[in-house]
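Here is the structure we will look at.
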Amino acid sequence: MLSREIERTLDRTYRMARSKRHEFLTVEHILFAVILDNWGRQIIEACGGDPTKLRHNLGAFFEDYIPKVPRGTEPYPKPTEAFQRVLDRAIQHVRSAEKPFADAGDILASLMLEEESYAVYFLHQEGITRLDILEYISHGVTKEEEEDLEHYEEEHRRHRRRDPLESFTVNLIEKARRGEIDPLVGRKTEVTRIIHILARRRKHNVVLVGDPGVGKTAIVEGLALKIAHGDVPDHLKNAQVYALDMGAVVAGTRYRGDFEERMKAVVKSLQKKENVILFI
């Protein structure tokens, strides 16, 4: 029930243990075998670990803590209970999951449950947790990608906590009152026509048609300036003009539905206000 590659690496580890005259096979021997396995090495690196450093630490552990068989006696390393537990648990897991065999990922996840072992201590030193391993072998999410996702979700929550109008629009009336809009020159006819259309009971949506750079935004800013100065009919004197910041709406959208969710939030906020004009 073990993959061929992990069987080969366990066999190499067993032969290493014999050559070093180790009396026992421990959980640390399993971690050593996982590092020899291509998939196991990939998992450790994806979770932020350094296989070379781990192998060095394991070598020092074997030298200092594993009893040696006296010379003159043929060494046959005996598996410890923890060693057998790790393999049995991994095999039991793949059976319940109806997988054909246990690979290095399954064994590494099982090994992480031996929390009192030096193997787990070494992995924790590398900043690796069992959750990191499960995330990678289940979804292919590296630790760095997981941190990016957490950052994105925090940004997403922060945007949701803020007023969508503050995040994704510009209040042109406030901008005009701060003196940040220049007076409009030569477009009096267009602004007057917009005012007439906005005064309709029905079909009061204005469409400004023109090539980029001809001054469509300047016309809307000119309207906002007139409203800010009170130079408009009574029905527009308390109006608010918001310009949708499309760059802000699109920025940071990574998943399907993010853009639509932001647009709905903007519309919902506008619906709570009276006498509002949205420029897109």
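The values are calculated or read from the model by the stated rules, or taken from the named source; none is laboratory data. Just so we're clear, the structure is a prediction, and the values are computed from it rather than from any experiment. Heads up, the Cβs are rebuilt from the backbone with ideal geometry, glycines too, and the neighbour counts pull from every protein chain shown.
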Within region 100-110, is even one residue over 29 Å from the mean Cα position of the chain (by Cα) and surrounded by fewer than 21 Cβ atoms within 10 Å (Cβ to Cβ)? yes
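Restricting to region 63-101, name every residue that is within 13 Å of Lys20 (Cα to Cα), of a type outside the set (A, V, I, L, M, F, W, C) and free of Cβ contacts under 8 Å to residues at least 60 places away in the same chain.
Start the filter on region 63-101 by keeping residues that are within 13 Å of Lys20 (Cα to Cα), which leaves 63-71, 73-77.
From what is left, the residues that are of a type outside the set (A, V, I, L, M, F, W, C) are 63-65, 67-68, 70-71, 73-77.
Passing the criteria: Glu63, Asp64, Tyr65, Pro67, Lys68, Pro70, Arg71, Thr73, Glu74, Pro75, Tyr76.
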Could you grab the pairs with beta carbons closer than 7 Å, sequence gap of 6+ or different chains, first residue in region 180-209 and farther than 17 Å from Ile280 by Cα, second one among the basic types (Lys, Arg) and assigned to a helix (DSSP H, G or I)? Ile181/Lys175
Looking only at residues in region 143-183 that are of a type outside the set (Val, Ile, Thr), at pLDDT 80 or above and over 22 Å from Gln271 (Cα atoms), which one is surrounded by the most Cβ atoms within 10 Å (Cβ to Cβ)? Ala176
Among (1) among the small types (Gly, Ala, Ser); (2) modelled with pLDDT under 85; (3) surrounded by 11 or more Cβ atoms within 10 Å (Cβ to Cβ) - the single one Gly213 does not satisfy: (3)
Mind listing just one residue for me: the one in region 181-223 that is part of a helix (DSSP H, G or I) and under 40 Å from the mean Cα position of the chain (by Cα) and, of those, nearest to Leu278 (Cα to Cα)? Val220
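If only one of Glu74, Glu28, Glu114 is within 16 Å of Tyr14 (Cβ to Cβ) and either surrounded by 15 or more Cβ atoms within 10 Å (Cβ to Cβ) or touching a helix residue (DSSP H, G or I) at 6+ places or on another chain (Cβ under 6 Å) (or both), which one is it? Before the answer, list the steps.
Numbers: Glu74 fails: either surrounded by 15 or more Cβ atoms within 10 Å (Cβ to Cβ) or touching a helix residue (DSSP H, G or I) at 6+ places or on another chain (Cβ under 6 Å) (or both); Glu114 fails: within 16 Å of Tyr14 (Cβ to Cβ).
Checking each option against the conditions leaves just Glu28.
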For Tyr242, which of the numbered conditions (1) modelled with pLDDT of 85 or more; (2) out of contact with any Phe, Trp or Tyr (no Cβ under 9 Å at 6 or more places or on another chain); (3) among the aromatic types (Phe, Trp, Tyr) fails to hold? (2)
Does region 13-32 contain any residue that is without any contact (Cβ under 8 Å) to a residue 12 or more places away in the chain, in the same structural domain as Ile133 (by TED's automatic domain parsing) and farther than 18 Å from Thr129 by Cβ? yes
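For region 224-241, give me each residue that is crowded, with 16+ Cβ neighbours inside 10 Å and either outside the structural domain of Ile197 (by TED's automatic domain parsing) or in a helix (DSSP H, G or I) (or both).
Going through region 224-241, the residues crowded, with 16+ Cβ neighbours inside 10 Å turn out to be 224-228, 232, 236, 239-241.
Those that are crowded, with 16+ Cβ neighbours inside 10 Å and either outside the structural domain of Ile197 (by TED's automatic domain parsing) or in a helix (DSSP H, G or I) (or both): Ala224, Leu225, Lys226, Ile227, Ala228, Leu236.
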From Val94, Val120, which residue is part of a helix (DSSP H, G or I) and within 21 Å of Arg8 (Cβ to Cβ)? Val94
Just one listed residue, out of Arg41, Arg18, is within 36 Å of the chain's Cα centre (by Cα), part of a helix (DSSP H, G or I) and surrounded by fewer than 21 Cβ atoms within 10 Å (Cβ to Cβ), and it is Arg41
Could you tell me which numbered condition Val220 fails, if it satisfies all but one of (1) more than 18 Å from Pro183 (Cα to Cα); (2) crowded, with 17+ Cβ neighbours inside 10 Å; (3) touching a Leu at 6+ places or on another chain (Cβ under 8 Å)? (1)
